[in-house]
1. How much length would be gained if the chain were fully extended between Ala91 and Ser40, taking 0.36 nm per residue of separation minus their Cα-Cα distance, in nm to one decimal?
2. For a quick check of understanding: with a 1.4 angstrom probe and all protein chains in place, what accessible area in square angstrom does Leu47 have, to the nearest ten?
3. Rounded to a whole number of µm²/s, how large is the Stokes-Einstein D of segment 31-94 at 25 °C and 0.890 mPa s, given Rh as the Kirkwood radius over C-alpha pairs?
4. Multiply the residue separation of Ile83 and Leu47 by 0.36 nm, subtract the distance between their alpha-carbon atoms, and state the gained length in nm to one decimal.
5. Quick one: 3J(HN,Hα) in Hz for segment 85-102, Karplus 6.51/-1.76/1.60 with θ = phi - 60°, rounded, Gly and Pro as x.
6. Select from segment 48-112 those GluC sites (Glu not before Pro) which occupy a DSSP coil region and have at most 16 other Cβ atoms within 10 Å, ordered by residue number.
7. Dipole size in debye (nearest 20) for segment 28-127 around its Cα centre, Lys and Arg Cβ +1, Asp and Glu Cβ -1?
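The values are calculated or read from the model by the stated rules, or taken from the named source; none is laboratory data. Just so you know, these numbers come straight off a predicted model, no measurement behind them. Cβ placement follows ideal geometry from the backbone for every residue including glycine, while neighbour counts extend to all protein chains displayed. Quick note on the areas: whole protein, heavy atoms, side chains included, nothing else; ligands and nucleic acids left out. Shrake-Rupley method; radii C 1.70, N 1.55, O 1.52, S 1.80 Å.
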Amino acid sequence: APWAPDPALPGYVTDGGLETDLIFHHGIDLPEFAAFRLLSDTGGRDLLTSYYEAYAGIAAAAGAGLVLETPTWRANTDWGARIGVDAAGLARANAGAVQLMADLADGFTGEVPEVVVARTVGRADRRDAGQRLEAQPRRARRGRRAGRGRPGHPRPRPRGPRRPAAGP
């Protein structure tokens, strides 16, 4: 069955602006915004871990769920070709990203009420996938691992009234 948000939670926290944060706050060079390249070494994985841990802290403080999106929206055949990463390298990056997110999710157990791992793929690989991977439960207390692609990807909904934009 497809994943569904837990209605008992106040919402879900997801990261935002990974590449922008890496470039402007950490001085990381990201050709073509390909953050998946950081998965290939310990320092890069440590930086990604730190980035996602900050969002886990926000989710824990709010009693909200957490969506961990893999940093792989550029880890596909179209973008891989632009930066010289072949199919084998892309497969390693995608598998490594899912493993990192699963390891992080395991570490957040007990702190965050539900953690969802969402594998993000770019348009080329979604189009050519040839198969659909169904969501598979990880552990009931932690939620489920989402399947391939973005359909059904949870997004937090704003709560409360919207404030009007400030005038000039």
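1. Stretched out fully, the Ala91 to Ser40 stretch lengthens by 17.2 nm.
2. Probe radius 1.4 Å; accessible area of Leu47 about 40 Å².
3. 190
4. Taking Ile83 through Leu47 to full extension adds about 10.9 nm, to one decimal.
5. Running phi through 6.51 cos²θ - 1.76 cosθ + 1.60 with θ = phi - 60° gives 10, 7, 4, 5, x, 5, 4, 5, 5, 5, 5, x, 5, 5, 5, 4, 5, 5 Hz.
6. Taking segment 48-112 and a limit of 16 other Cβ atoms within 10 Å, the loop GluC sites (Glu not before Pro) found are Glu111.
7. Here the size comes out at about 460 debye.
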